[in-house]
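Q: First the structure, then my questions, so here it is.
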Amino acid sequence: MKSSKNDTPGQSRREFIKNTAIASSIFIVPRHVLGGVGFIAPSDQLNLAAIGSGGKGISDIKNASVNGRERVVALCDVDFSGSAKQSVENFPKAKLYADYREMLDREKDIDAVTISTPDHVHGPAAKYAMERGKHVYVQKPLTHNIREARMLTEMARNQKVVTQMGNQGASNPLLGMVQKWVDSGKLGKISKVQIWTNRPVWPQGFAFPQPDPSLKPDALNWDLWLGPAPEIPFTPNLHPFNWRGWWDYGTGALGDVGCHLVDIPFRTLGLHYPLAAECSVGTVFTRMWTPDYHPEGCPASSFITINFAATDKSKSPIEMTWSDGGIRPSRPDAIPADHDMGGTNSANGVLIIGENGVISTNINDSSPLMPKLYMNDGQKEFGPEKEDMEEPEYGHQRKWVDACKAGFGSKEHKELTSSFDYAGPMTETVLMGNLAIRSYMLRKENSRGQMEFFGRRKLLWDGDKMLITNLEEANQFVGRIYRPGFEV
């Protein structure tokens with residue numbers, strides 16, 4: 001929220017108005033007398049703004065407004081001719097901006113912002129907002145790279161702002177069922193987690209498309225869309241969605257759904273920074289004996305192994321595997337042959353594997369979690385196949401708004417399921433998989449004039465120092481280079 005020298009850290013607007021009134025001995029007429037039943041005084045409303053008002057941003061800012069309970073004062077988007085038009089229709093009184101920096105500098109009364117841009121803008125936009133004392137709700141993945149995730153996590157604490165990442169399934173109450181199964185000890189020693197997805201479901205794994213400035217939509221501010229990425233001419237088939245498969249802008253299949261899938265074991269097993277990661281990727285041949293090489297983009301498929309130390313909940317080291325491109329792990333014996341693994345048609349899922357049985361879940365976005373416990377002795381326990389949500393996306397945005405109003409360090413803040421204190425380290429784990437993929441594609445010419453891939457090894461990670469300790473060249477992917485004006 002907006003603060004002044006008279007505010008205490010984390011003080012809500014409601015508390016500030018109340019304390020000021022008491023100190024001044026001002027008599028306040030009860031609000032229900034002024035406005036009737038259901039009236040919300042302006043001082044009780046948050047001033048909200050959206051950075052990225054189309055696509056997922058439509059529901060993020062709408063859900064944060066809580067059916068008009070809060071005030072949306074500004075909308076930012078690089079192209080209001082696309083899906084962002086819906087947000088303009090939803091909030092016709094909001095001021096419109098193309099540049100989030102201009103919006104945040106001009107609209108001094110903004111209390112909190114939702115950030116629903118392509119991945120590469122998450123970090124710069126969140127940093128700019130938090131530096132100005134704004135609470136932030138940032139879509140998943142929290143950031144484009146590991147360094148940004150660490151910085152935003154620390155900045156949220158230092159600035160005393162309330163934060164939430166947009167992995168809405170973290171607020172799904174059915175996660176409590178999975179947590180109970182883990183905590184009960186029924187599975188015995190847990191040592192393995194297997195995660196898979198049918199993503200990518202967008203074009204990925206081929207050469208970067210050719211620029212064609214003649215095709216740029218008139219309403220699109222291309223320079224602001226690029227943001228921190230290198231300056232290039234307008235390139236079709238990136239905006240508004242297919243940017244996901246290119247490293248300058250997106251984070252691939254892991255960035256798209258990793259925070260919905262990895263969240264389940266990371267949370268329930270109490271995991272922290274990984275110890276190591278290694279991977280392999282699907283190879284595409286469009287010429288005989290010559291594999292395609294497109295390091296600027298994400299591969300069509302990948303298989304990643306990430307290792308964790310034992311925790312109080314797992315009691316033993318954890319090996320987590322991730323596979324995308326529709327590649328699924330083998331079926332554990334405890335799961336019957338005619339049962340889906342994970343979600344419907346086994347398209348996405350998580351298996352938490354113990355010595356006595358297996359927990360199976362679907363992806364945890366707004367899809368049914370479908371938690372199932374299979375014991376090796378044949379006992380089974382299933383959660384519901386369908387979910388009845390009382391409010392959109394389990395109230396994930398609304399809970400963040402309530403915490404913003406209660407203030408930093410409040411009970412509501414501490415109860416958030418994906419504040420940056422949690423979402424930062426979890427996002428780092430997701431992005432560690434991408435670091436392994438990009439390192440896998442590193443190559444150089446050897447003494448025989450042949451291209452040699454030198455990053456295809458197990459990468460050892462020092463989480464506290466944010467450092468790959470056995471391959472210096474891999475550390476270039478911990479962060480990125482920024483265009484001036486968009487630094488993190």
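Q: Along Cα→Cβ, 7 Å out, is where each label goes; now give me the distance between the ones at Glu487 and Glu472 in nm to one decimal.
A: About 2.4 nm separates the two model spin labels.
Q: Let a ≥ b ≥ c be the square roots of the eigenvalues of the Cα gyration tensor of the range 228-295; is it rounded (a/c under 1.5), or, if not, prolate (a/b larger than b/c) or oblate? Please list the in-between numbers first.
A: On the way: a/c = 2.55, a/b = 1.41, b/c = 1.81.
Oblate is the answer for the range 228-295, as a/c is 1.5 or above yet b/c matches or exceeds a/b.
Q: For Cys76, what is the net charge nearby, where nearby means another residue's Cβ is under 9 Å from its Cβ and Lys, Arg count +1, Asp, Glu -1? Mind showing how you got there, number by number?
A: Values: positive: none; negative: Asp77, Asp99, Glu102.
With Lys, Arg at +1 and Asp, Glu at -1, the net is -3.
Q: Between Asp338 and Asp212, what is the spin-label point distance in nm, taking each point 7 Å from the Cα along the Cα→C-beta axis?
A: 5.1 nm
Q: Once every DSSP H run of n ≥ 4 in the chain is given -39500 (n - 2.57) and the sum is divided by its residues, what mean residue ellipticity at 222 nm do you get, rounded to the nearest 500 deg cm²/dmol? List each step's numbers first, then the result.
A: Working: 14 runs with 133 residues, N = 488.
After summing the helix terms and dividing by the residues of the chain, the value is -8000 deg cm²/dmol.
Q: Can you give the angle from 0 to 90° between the axis of helix 119-131 and the longest principal axis of the chain, with both taken from C-alpha atoms, to the nearest 10?
A: Result, in degrees: 40.
Q: Sticking with this one: Report, in whole Å, the centroid distance computed from the Cα atoms of the range 331-353 and the range 373-442.
A: Cα centroid to Cα centroid, the span is 21 Å.
Q: Enter the angle in degrees (range 0 to 90, nearest 10) between the Cα long axis of helix 396-406 and the first principal axis of the Cα atoms of the chain, meaning the one along which they spread out most.
A: Helix 396-406 sits roughly 40 degrees off the main axis of the chain.
Q: Equivalent-ellipsoid semi-axes (√(5λ), Cα gyration tensor) for the chain, whole Å, largest first? If you can, show how the numbers build up before the last one.
A: Working: eigenvalues 295, 176, 84 Å².
The three semi-axes for the chain are 38, 30, 21 Å.
Q: Another question, if that's okay. Suppose every Lys and Arg Cβ carries +1 and every Asp and Glu Cβ carries -1, with no other charges. What dipole size does the chain come out with about its Cα centre, to the nearest 20 debye? Let's see the in-between values first.
A: Working: 55 positive and 57 negative charges, 158 e Å.
Roughly 760 debye for the chain.
Q: Let me ask you something else. Amide H neighbours of Tyr97 under 5 Å, at least 5 residues apart or on other chains, H built in the peptide plane: list them.
A: Sorted by chain and number, the residues that satisfy this are Leu75, Cys76, Asp77.
Q: Helix 252-261 against the longest principal axis of the chain: what's the angle in degrees, Cα atoms only, rounded to the nearest 10?
A: On a 0 to 90 degree scale, this one is about 70.
Q: With viscosity set to 1.002 mPa s and temperature to 20 °C, compute the Stokes-Einstein D of the range 309-444, Rh being the Kirkwood radius across alpha carbon pairs; µm²/s, no decimals. Could you put the intermediate results ahead of the total?
A: On the way: Rh = 18.0 Å.
In µm²/s, the coefficient is 119.
Q: Out of His122, Pro329, Leu224, whose Cα points farthest toward the positive end of the dipole of the chain (charges: +1 Lys, Arg; -1 Asp, Glu; placed on Cβ)?
A: After comparing all options, I get His122.
Laboratory data are not the source of any read-out in this text; all were calculated from the coordinates shown. Just so we're clear, the structure is a prediction, and the values are computed from it rather than from any experiment. Cβ coordinates were reconstructed from backbone atoms using ideal geometry, including for glycine residues, and neighbour counts include every protein chain displayed.
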